[in-house]
Amino acid sequence: MAKVKDCPGFETFGEDVKEARKVRNISRKDLAEQVNIDTRYLANIENEGTIPSLPVIIQLAEICGLPMGRYFNPKICGAESPQRQRVRRKLEACPEEYLPIAEGVLDGILRVK
């Protein structure tokens, strides 16, 4: 089974899945059932850096709203600072109805400069 160190671009995959799952209020058990994998396997993906098979990656990314390009083209995020990457991941995981709030906060910050 592949680990993060063997798969450049997937360094944040498990963390991204976990964060998106929590934002969407999906339990680990429910997400595992939706993807048809064991709950312990999902815990290993989220916490231990286990890289799942491509079909599982696709299902997790679709359910969690994760952008596939980030994982298969690591150069996309390579030029960004770690903090900018974290903020981007959080925005991507944010439910659509809360985006106007996030945008308003950012607009306010940018006006202050």
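Details
- Restricting the first member to the range 31-54 and to residues that are in contact (Cβ under 8 Å) with a residue 24 or more places away in the chain, and the second to residues that are assigned to a loop (DSSP other than H, G, I, E, B), the beta-carbon pairs closer than 7 Å and six or more apart or on different chains are 45/52; 50/1; 51/2; 51/7; 51/10.
- Condition check for residue 89: part of a helix (DSSP H, G or I), farther than 16 Å from residue 10 by Cβ and at pLDDT below 85: no
- Residue 6 vs. criteria at pLDDT 95 or above and either more than 22 Å from residue 91 (Cβ to Cβ) or open to solvent by 50 Å² or more (accessible area, probe 1.4 Å) (or both): no
- Evaluation of residue 69 against the conditions (1) modelled with pLDDT under 90; (2) in a helix (DSSP H, G or I); (3) open to solvent by 60 Å² or more (accessible area, probe 1.4 Å) shows that the sole unmet condition is (3).
- Scanning the range 27-59 for residues that are part of a loop (DSSP other than H, G, I, E, B) and modelled with pLDDT under 95, we see that the one that is most open to solvent (accessible area, probe 1.4 Å) is 53.
The values are calculated or read from the model by the stated rules, or taken from the named source; none is laboratory data. Treat the numbers as computed from the prediction; the structure is a model and nothing was measured. We place every Cβ from the backbone using ideal geometry, glycine too, and count neighbours over all the protein chains shown. In case anyone asks, the SASA skips ligands and DNA or RNA and just uses the protein heavy atoms, side chains included. Shrake-Rupley method; radii C 1.70, N 1.55, O 1.52, S 1.80 Å.
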